[in-house]
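See structure below.
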Amino acid sequence: MRTFWVWFRILGGFAILGGLAWRLGTGAFLEGLRVIGPWPLLAALVLGLLTTVASAWRWRLVASRLGLRLPLRDAVGDYYRAQFLNGVLPAGVLGDVHRAVQHGRKSGDVGRGVRAVVLERTAGQVAVVLAGVAVLVLRPAVVPPVAHDVLVVSGAAVLTIAVVVLAVAFASGPRWLESPSRWRRAFAVSMADVRAGLLGLGAWPRVTALSLLALAGHLTLFVVAARAAGVTASLTTVLPLLVLALLAMGLPVNVGGFGPREGVAALAFAAAGLGAQLGLTVAVVYGVLGLVSSLPGGVLLLGHWLGSLRRTSVQAVRQVTARECLCRF
């Protein structure tokens, strides 16, 4: 079943991209590569640093609330590496899985390390979802009526489920910690981490502020991508469209982040009268700039690999030298 979902997410992303290429042509994709100049690339690196530090700080805060030690310097480096892996590997989440497991092993509690990453990512997605809901309520014309109704109903359903789960957690969670049922105990432990990591008075204001800062960084990079692609419309017109495209990135059907973002951007730009092809080009430019912003993570991975190779070589030389010395005697 796990293999099925992995392939479903990857093939679903390819299907979306293939459908866009069939309907809009490949010109919009190629244009997204052609329009990128040195200034957007520099802006991507600067904004990438801002959003990475904010996100890593949020992760450090959540982890510390769960009793896990995570220095900010290590958090920034691990977050950079995770973003790079998310961008170059299928499914778009393998980097987060890697940093979650690695930090859990270093801390001696893999389960809690994984939950810290899940909660940190959830906090970021909640900020994007709330921004998307605000766009749908205040600017319903940015999407076709049918899509608007589907999104509103889906959002209401998700919100209702979240409220019910939290209500059950606060009412029954403490009692279920001693339950003979393994599932109830696991649920109670997870909800206790939610309360400590996200909902505590010492957590949610700072987590919210850092999430909004990271969201502002992502949206600013999207604006840079839009201007590079030739969008001249005002920010009040463009920002709601970019929020929806950013919201689509949270869907677990993509190829290195590409897929739903491009589809929603094309749909939203067409609904706003700016043209579906332009929306697709903007999304492609953002995807490339997002990958550029994560390149420091690639450099860190390369440095780690070279360091491991050097240590392995030194150990091999020492072993050979030791054997030669023994043979002489």
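The values are calculated or read from the model by the stated rules, or taken from the named source; none is laboratory data. None of these values were measured; they are calculated from a predicted model. Counting neighbours? That spans all protein chains shown, and the Cβs are built from the backbone with ideal geometry, glycine included. With ligands, DNA and RNA removed, areas are computed over all heavy atoms of the protein, side chains included. Shrake-Rupley method; radii C 1.70, N 1.55, O 1.52, S 1.80 Å.
So, in segment 230-243, how many residues would count as being assigned to a helix (DSSP H, G or I), open to solvent by 10 Å² or more (accessible area, probe 1.4 Å) and either closer than 12 Å to Leu136 by Cα or without any contact (Cβ under 8 Å) to a residue 12 or more places away in the chain (or both)? Give the derivation first.
Within segment 230-243, the first condition is being assigned to a helix (DSSP H, G or I), and the residues that meet it are 235-243.
Then keep just the ones that are open to solvent by 10 Å² or more (accessible area, probe 1.4 Å); that gives 235-237, 239-240, 243.
Among the residues that remain, those that are also either closer than 12 Å to Leu136 by Cα or without any contact (Cβ under 8 Å) to a residue 12 or more places away in the chain (or both) are: 236, 240, 243.
Of the residues in that region, 3 qualify.
Looking for whichever is within 30 Å of Ala167 (Cα to Cα), part of a helix (DSSP H, G or I), open to solvent by 30 Å² or more (accessible area, probe 1.4 Å) and among the charged types (D, E, K, R) here; the options are Arg206, Arg227. Which one fits?
On the way: Arg227 fails: within 30 Å of Ala167 (Cα to Cα).
On inspection, the qualifying residue turns out to be Arg206.
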* Tally time: how many residues in segment 29-73 are within 29 Å of Val194 (Cβ to Cβ), open to solvent by 60 Å² or more (accessible area, probe 1.4 Å) and in a helix (DSSP H, G or I)? -> 7
* Look through segment 86-120, keep the residues that are of a type in the set (A, V, I, L, M) and free of Cβ contacts under 8 Å to residues at least 24 places away in the same chain, and return whichever of them is surrounded by the most Cβ atoms within 10 Å (Cβ to Cβ). => Ala100
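For segment 263-278, how many residues are aliphatic (A, V, I, L, M) and in a loop (DSSP other than H, G, I, E, B)? Give the steps one after another, and end with the answer.
Taking segment 263-278 as the starting set, the residues that turn out to be aliphatic (A, V, I, L, M) are 264-268, 270-272, 274, 276, 278.
In the following step, the residues that additionally are in a loop (DSSP other than H, G, I, E, B) were identified as 272, 274.
Final tally of qualifying residues: 2.
One line per residue, one yes/no per condition, for (1) assigned to a helix (DSSP H, G or I); (2) modelled with pLDDT of 70 or more; (3) open to solvent by 60 Å² or more (accessible area, probe 1.4 Å):
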| residue | (1), (2), (3) |
| --- | --- |
| Val150 | yes, no, yes |
| Thr160 | yes, yes, yes |
| Pro174 | yes, no, yes |
| Ala188 | yes, yes, no |
| Val194 | yes, yes, no |
| Leu201 | no, yes, yes |
